[in-house]
Amino acid sequence: MSDTPKPPPEPVRDLINSIAFAMDQILNGKGVENDASMRKNGFVLLIYPFGFNDGRANIITNGASHTEMVEFLRTQLSILEKKQ
């Protein structure tokens, strides 16, 4: 099995992008999609098949870099594990 993520099928990718665009407008207002400095809220959207198959998920964010997103997810996981 390859560690290289496969992109989602095109209809799913289009749907994920549409959801992310709408979420960004709802959370941050219209017109911010081209200016990250105007955003007040960030998000990470994970979409995965039920059953978790091999643990892969489609992921999109409204501006965080890969490094920022990984650090954020690590922090959130740590917080969630402490609540168990």
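The values are calculated or read from the model by the stated rules, or taken from the named source; none is laboratory data. The model shown is predicted, which means the values in this text are computed figures rather than measured ones. Neighbour counts run over all protein chains shown; Cβ positions are idealised from the backbone, glycine included.
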- prompt: Could you count how many residues in the stretch 28-50 are of a type in the set (A, V, I, L, M, F, W, C), in contact (Cβ under 8 Å) with a residue 12 or more places away in the chain, surrounded by 12 or more Cβ atoms within 10 Å (Cβ to Cβ) and within 15 Å of ALA64 (Cα to Cα)?
  reply: 4
statement: Going through the stretch 29-49 in order, the residues found to be more than 15 Å from the chain's Cα centre (by Cα) and modelled with pLDDT of 80 or more are GLY29, LYS30, MET38, ARG39, LYS40
- prompt: Which of the residues spanning the stretch 59-84 are over 16 Å from ALA22 (Cβ atoms) and in a strand (DSSP E or B)?
  reply: ILE59
message: Looking at the structure I just gave you, is ASP54 assigned to a helix (DSSP H, G or I) and out of contact with any Lys or Arg (no Cβ under 6 Å at 6 or more places or on another chain)?
response: no
query: Would it be correct to say that ASP24 is assigned to a helix (DSSP H, G or I) and free of Cβ contacts under 8 Å to residues at least 60 places away in the same chain?
result: yes
- request: Given the conditions (1) over 13 Å from the mean Cα position of the chain (by Cα); (2) in contact (Cβ under 8 Å) with a residue 40 or more places away in the chain; (3) surrounded by 12 or more Cβ atoms within 10 Å (Cβ to Cβ), report the number of the one that ARG13 does not fulfil.
  value: (1)
